[in-house]
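The values are calculated or read from the model by the stated rules, or taken from the named source; none is laboratory data. All values reported here derive from a predicted model rather than from experimental measurement. Quick reminder, even Gly has a Cβ in these numbers, built from the backbone with ideal geometry, and neighbours come from all protein chains shown.
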C-alpha cells in the first residue's frame, strides 16, 4: 500500500516508526544518499528537494490516484490523518501536537543536523561552529526536558510529535549531549526506545548497514550541493 523511499537517517526512522506503530503495510525502497541515489530522476519526481524520506500511497483514503508526499513532517501528518491515529481529533489536542511537530522540523532537526555536520563531517574543525551547534542542541534538549516535567509525552499522549523528535535524540552522544543532564527527557527517551514498534523500525535499518559509505567518500554528495545541483 505504501512505498517508502528510505535511508537510515533520523528522518527516515521517523516514518518506519510510525508505520510499525500503526501496522500499515509498506515496502521499503532504499535510497542510498551517500551514493547519490537521491539524484536519480525517478526519485526526484517524488521528492524534488532530493531528500529522503518520501512515500507513495497507492490507496489514498478517498480512493483517488496514488499520492506522493515528501518532507518527513508532512508524511507523518498525512499518515496520521489517513489512519486516524497518533494525532488528536479535538482542536486543542491537535494544535499541541502540530506545534511540537513543527518545533522539531524547524528547530531540533536542523540544529542537530548542523551539529552533526560541523563536529563529524566538516574537513575543517571550526571551534565556533561546533560550540554554536552543540550549545543550541543542548538548549533544545532543555526545552524538551522542561516540557516533559509534567507530562509523559510532548503533547500529553504519544503522538507524531514524539515520533518526529525521538530519532534526533538517538545520536545524543555524537551531539555532545548526556541524557543524565536531562532526567525527564531521558525517561521519555527510554519509554519510546522500548516500544515494540521502535525496536522493529530500527531493526529494519540493520539490513542496510553494509551499504554505508564513509564520511570522506560521501562528503561531496551530501554537502557540496549548489544551484547547479538543481539546474543540471
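When residue 129 is tested against (1) within 19 Å of the chain's Cα centre (by Cα); (2) over 18 Å from residue 163 (Cα atoms); (3) buried (at least 16 other Cβ atoms within 10 Å of the Cβ); (4) in the same structural domain as residue 188 (by TED's automatic domain parsing), exactly one condition is not met: (1). Being over 15 Å from residue 192 (Cβ atoms), modelled with pLDDT under 95 and assigned to a helix (DSSP H, G or I) is a property that residue 99 lacks.
Mind telling me which of the residues 30, 53 ends up being under 26 Å from residue 198 (Cβ atoms), at pLDDT 95 or above and under 14 Å from the mean Cα position of the chain (by Cα)?
Details: 30 fails: under 14 Å from the mean Cα position of the chain (by Cα).
Just one listed residue meets the conditions, 53.
Does residue 87 satisfy being touching a residue at least 24 places away in the same chain (Cβ under 8 Å), closer than 30 Å to residue 2 by Cβ and either outside any helix (DSSP H, G or I) or assigned by TED's automatic domain parsing to the domain that holds residue 11 (or both)?
On the way: touching a residue at least 24 places away in the same chain (Cβ under 8 Å): yes; closer than 30 Å to residue 2 by Cβ: yes; either outside any helix (DSSP H, G or I) or assigned by TED's automatic domain parsing to the domain that holds residue 11 (or both): yes.
Against the criterion (touching a residue at least 24 places away in the same chain (Cβ under 8 Å), closer than 30 Å to residue 2 by Cβ and either outside any helix (DSSP H, G or I) or assigned by TED's automatic domain parsing to the domain that holds residue 11 (or both)), residue 87 qualifies.
Filtered by the rule that a residue be in a helix (DSSP H, G or I) and surrounded by 12 or more Cβ atoms within 10 Å (Cβ to Cβ), region 190-213 gives 191, 192, 193, 197, 198, 199, 200, 201, 202, 204, 205, 211.
The residue that is surrounded by the most Cβ atoms within 10 Å (Cβ to Cβ), among those in region 21-34 that are assigned to a loop (DSSP other than H, G, I, E, B) and in contact with a helix residue (DSSP H, G or I) (Cβ under 7 Å, 6 or more places away or on another chain), is 31.
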